[in-house]
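The values are calculated or read from the model by the stated rules, or taken from the named source; none is laboratory data. What you are looking at is a predicted structure, and each value in this text was computed from that prediction instead of being measured. When we count neighbours, we look across all protein chains shown, and the Cβ atoms used for this are built from the backbone with ideal geometry, even at glycine.
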Amino acid sequence: MALVMVRTVVGMGCFSLTGYGAYMILASGLELNGFLPVAFCVVPMASLPLFLYGRRHPRRATPLHWVLAAAYLAVYALLDWRTCSERQICGSALATVLDALTTLPVGAAFLVALLHPIVDWLGRAARKG
C-alpha cells in the first residue's frame with residue numbers, strides 16, 4: 001500500500017512538472033529564443049518520460065531524477081539571475097539560487113528526486129516478499 005501511495009505522489013509530481021513545461025511553452029507563444037528559455041521549458045517536460053522509464057529501470061532512473069532536478073535548479077537560477085541583473089536588483093548568486101530553490105516547480109523536481117529512491121526501495125521489498 002505504501003508503494004502505491006509514494007509511487008502515485010511521484011507520478012503526480014512528474015505529471016505536474018511535464019504539464020508546467022508544456023504550459024510555459026504555450027504561454028511564451030512558442031517564441032523561445034536562446035538556450036535558457038528553451039531549457040526552462042524542456043527540462044521539466046522530461047520528468048514524466050523519466051518516471052515511465054523508472055517504472056522499468058528504477059535504479060537507473062534515480063540518479064537521472066537528481067540530474068534533472070539539479071539542471072532545472074541551474075536553469076531557473078540562471079534565468080532569475082539574468083532577469084534581476086538586468087533590473088539591477090540582484091543580491092548575491094547564492095541568494096538567487098536559494099530563491100530559485102524555494103519556487104514550487106524546482107521544489108517539486110527535488111521532491112520527486114527525493115521520493116524516487118523510496119519507490120525503488122519499496123518496490124524491491126515488495127518483490128522479495
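Please work out if residue 108 is touching a helix residue (DSSP H, G or I) at 6+ places or on another chain (Cβ under 6 Å) and at pLDDT 90 or above.
Details: touching a helix residue (DSSP H, G or I) at 6+ places or on another chain (Cβ under 6 Å): yes; at pLDDT 90 or above: yes.
Yes: the conditions hold for residue 108.
So which pairs qualify, if the first residue must be in segment 18-29 and basic (Lys, Arg), the second must be modelled with pLDDT of 90 or more, the Cβ gap must be under 8 Å, and the two must be at least 6 apart or on different chains?
Final answer for the pair search is none.
Would you be able to tell me the number of residues in segment 97-115 that are out of contact with any Leu (no Cβ under 9 Å at 6 or more places or on another chain), surrounded by 12 or more Cβ atoms within 10 Å (Cβ to Cβ) and assigned to a helix (DSSP H, G or I)?
Total meeting the criteria: 5.
Looking at the structure I just gave you, is residue 73 surrounded by fewer than 16 Cβ atoms within 10 Å (Cβ to Cβ) and either under 16 Å from the mean Cα position of the chain (by Cα) or farther than 14 Å from residue 105 by Cβ (or both)? First the steps, then the outcome.
Values: surrounded by fewer than 16 Cβ atoms within 10 Å (Cβ to Cβ): no; either under 16 Å from the mean Cα position of the chain (by Cα) or farther than 14 Å from residue 105 by Cβ (or both): yes.
Taking the combined requirement at face value, the residue does not satisfy it.
Looking only at segment 9-53, count how many residues are part of a helix (DSSP H, G or I) and either among the acidic types (Asp, Glu) or more than 16 Å from the chain's Cα centre (by Cα) (or both).
Step one: of segment 9-53, the residues part of a helix (DSSP H, G or I) are 9-27, 35-45, 47-53.
From what's left, either among the acidic types (Asp, Glu) or more than 16 Å from the chain's Cα centre (by Cα) (or both): 26-27, 35.
Looking only at that region, the number is 3.
Restricting to segment 51-61, count the residues that are touching a helix residue (DSSP H, G or I) at 6+ places or on another chain (Cβ under 9 Å), surrounded by fewer than 16 Cβ atoms within 10 Å (Cβ to Cβ) and of a type outside the set (A, V, I, L, M, F, W, C).
Summing the residues that are touching a helix residue (DSSP H, G or I) at 6+ places or on another chain (Cβ under 9 Å), surrounded by fewer than 16 Cβ atoms within 10 Å (Cβ to Cβ) and of a type outside the set (A, V, I, L, M, F, W, C) in segment 51-61 gives 4.
Only one of (1) of a type in the set (S, T, N, Q); (2) at pLDDT below 85; (3) crowded, with 17+ Cβ neighbours inside 10 Å is not met by residue 33, so which one is it?
For residue 33, the failing item is (3).
Mind counting the residues in segment 18-65 that are out of contact with any Cys (no Cβ under 6 Å at 6 or more places or on another chain) and farther than 25 Å from residue 124 by Cα? Lay out the reasoning, then the answer.
Step one: list which residues in segment 18-65 are out of contact with any Cys (no Cβ under 6 Å at 6 or more places or on another chain), which gives 18-20, 22-23, 26-46, 49-50, 52-65.
Then drop every residue that is not farther than 25 Å from residue 124 by Cα, which leaves 18-20, 22-23, 26-45.
Matching residues across segment 18-65 total 25.
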